[in-house]
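A short write-up of the structure that comes next.
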């Protein structure tokens, strides 16, 4: 038994708060009464009332704060007690099933209590998970600060990676809880979620005049290459970028995000205009074939390219449902 009273042990005939650590698990809910007995020698030590059946292991330095919480759990009404449990859950929050397991309240009691606690303004319902307003506001503030700092460090980046943010703020919590919190922040209009990144709503990619020139140069290199694009190393070098530097990849990402360049295979990129032109040639070819089919050799001749480019392009068109592979041929859809 760990006594939370700063005075030490609870003397006979007196009352106090204690945390019991049992040899084996038991079933218990709030307001359940219990008796503690010793089995050698057999004697009754005392009894009490369960205030929190899922309490975490406590440390001595937390006793003053925990004592105040337990006093509230002992004397507070149901909405107030629920709010204490929610605050204790921090960013993990509590779902309905967690409340039922902790309290054994009936469904109608849970509904009434949750509604009253939310109306009190201390907790929020975030897609079915109850979060304390204080925990949410703190998360909101720290999340926005982290995304803002990322924009300053990486002005050409689309935004901060979601997975990095999840590990920073929600380590140990469920992915569902993280998604729910992000959805709530996004509903407030402060951030925008784009696939695997988050950005501030007002964020725009800042690009210098020199970088704009390099971006345009890189685009022109791929546009001129048509269906026989250079390797990234060659393209970066021609555009005045150092292939080994991350900055070159960021310039490339600008063209990818705008849809100007399309990744076909590995580090093989094509200008979108070249792909569009090639699709038109394929469909024109299909109109002249009864079975709308084309093989690798005919495709190479049609596009004027080598096998190095032909195979990756055909596989890309398969994925885009421009063609469908049937044996050694493709049917043009």
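Coordinate-derived values only; no laboratory data. Computed from a prediction, not measured in an experiment: that's the story for all the values here. Neighbour counts run over all protein chains shown; Cβ positions are idealised from the backbone, glycine included.
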> How much length, in nm to one decimal, is gained on full extension between residue 100 and residue 72, taken as 0.36 nm per residue of separation minus their Cα-Cα distance?
Replying inline: 8.1 nm
>> Only Cα pairs within less than 10 Å get springs; with that Gaussian network setup on the chain, which residue of 37, 307, 95 has the largest fluctuation?
In response: 37
> Between the stretch 259-333 and the stretch 44-64, what is the C-alpha centre distance in whole Å?
Replying inline: 70
>> At 222 nm, what value in deg cm²/dmol follows for the chain if DSSP H runs of at least 4 each add -39500 (n - 2.57) and the sum is divided by all its residues, to the nearest 500?
In response: -15000 deg cm²/dmol
>> Which residue fluctuates most in the GNM of the chain (Cα springs below 10 Å): 291, 32, 138?
In response: 291
>> Explain nothing, just the number: relative contact order of the chain, from Cα pairs under 8 Å at least 6 residues apart, as a whole percent.
In response: 9
> Fewest to most neighbouring Cβ within 10 Å: what's the order for 141, 151, 271, 72?
Replying inline: 141, 72, 151, 271
> In what sequence do 122, 323, 75, 174 fall when counting other Cβ within 10 Å, fewest first?
Replying inline: 75, 174, 122, 323
>> For a Förster distance of 51 Å, can you work out the FRET efficiency between the beta-carbons of residue 190 and residue 290, rounded to the nearest 0.05?
In response: 0.30
> Which residue fluctuates the most in the chain, going by a Gaussian network model with Cα springs under 10 Å, if the choices are 59, 92, 142?
Replying inline: 59
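Using the number of other C-beta atoms within 10 angstrom as an exposure proxy, rank 82, 130 with the fewest first. Kindly include the intermediate steps, with their values, before the conclusion.
Working: 82 26, 130 23.
The fewest-first ordering by Cβ neighbours comes to 130, 82.
Please compute the length gained on full extension between residue 276 and residue 65, using 0.36 nm multiplied by the number of residues separating them and subtracting their Cα-Cα distance. Numbers along the way, then the final one.
Values: separation 211, 0.36 × 211 = 75.96 nm, distance 6.62 nm.
Fully extending the segment from residue 276 to residue 65 adds 69.3 nm.
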> What shape does the stretch 1-112 have by the C-alpha gyration tensor, where a ≥ b ≥ c are the square roots of the eigenvalues, rounded means a/c under 1.5, and otherwise prolate means a/b greater than b/c and oblate the rest?
Replying inline: prolate
> Rounded to the nearest 5, what % of the DSSP beta bridges within the chain are antiparallel ones?
Replying inline: 100
> So how far, in whole Å, is the C-alpha centre of the stretch 168-239 from the one of the stretch 88-159?
Replying inline: 29
> In nm, to one decimal, how far is the modelled label at residue 33 from the one at residue 216, with both set 7 Å along Cα→Cβ?
Replying inline: 8.5
>> Helix 175-187 against the longest principal axis of the chain: what's the angle in degrees, Cα atoms only, rounded to the nearest 10?
In response: 80
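Please say if the stretch 72-122 is rounded, prolate or oblate, where rounded means a/c under 1.5 for a ≥ b ≥ c the square roots of the C-alpha gyration tensor eigenvalues, and otherwise the choice is prolate for a/b larger than b/c and oblate otherwise?
Verdict is rounded for the stretch 72-122.
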> What is the stretch 209-333's relative contact order, in percent, from Cα pairs under 8 angstrom and six or more apart in sequence?
Replying inline: 22
> Can you work out the FRET efficiency for the pair residue 201 and residue 315, with r the C-beta to C-beta distance and R0 = 35 Å, to the nearest 0.05?
Replying inline: 0.40
>> I need to check one value: relative contact order of the stretch 78-133, counting alpha carbon pairs closer than 8 Å and at least 6 residues apart, in percent.
In response: 47
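Pull out a ≥ b ≥ c, the square roots of the eigenvalues of the alpha-carbon gyration tensor of the chain, then state rounded if a/c is under 1.5, prolate if not and a/b is larger than b/c, and oblate in the remaining case.
prolate
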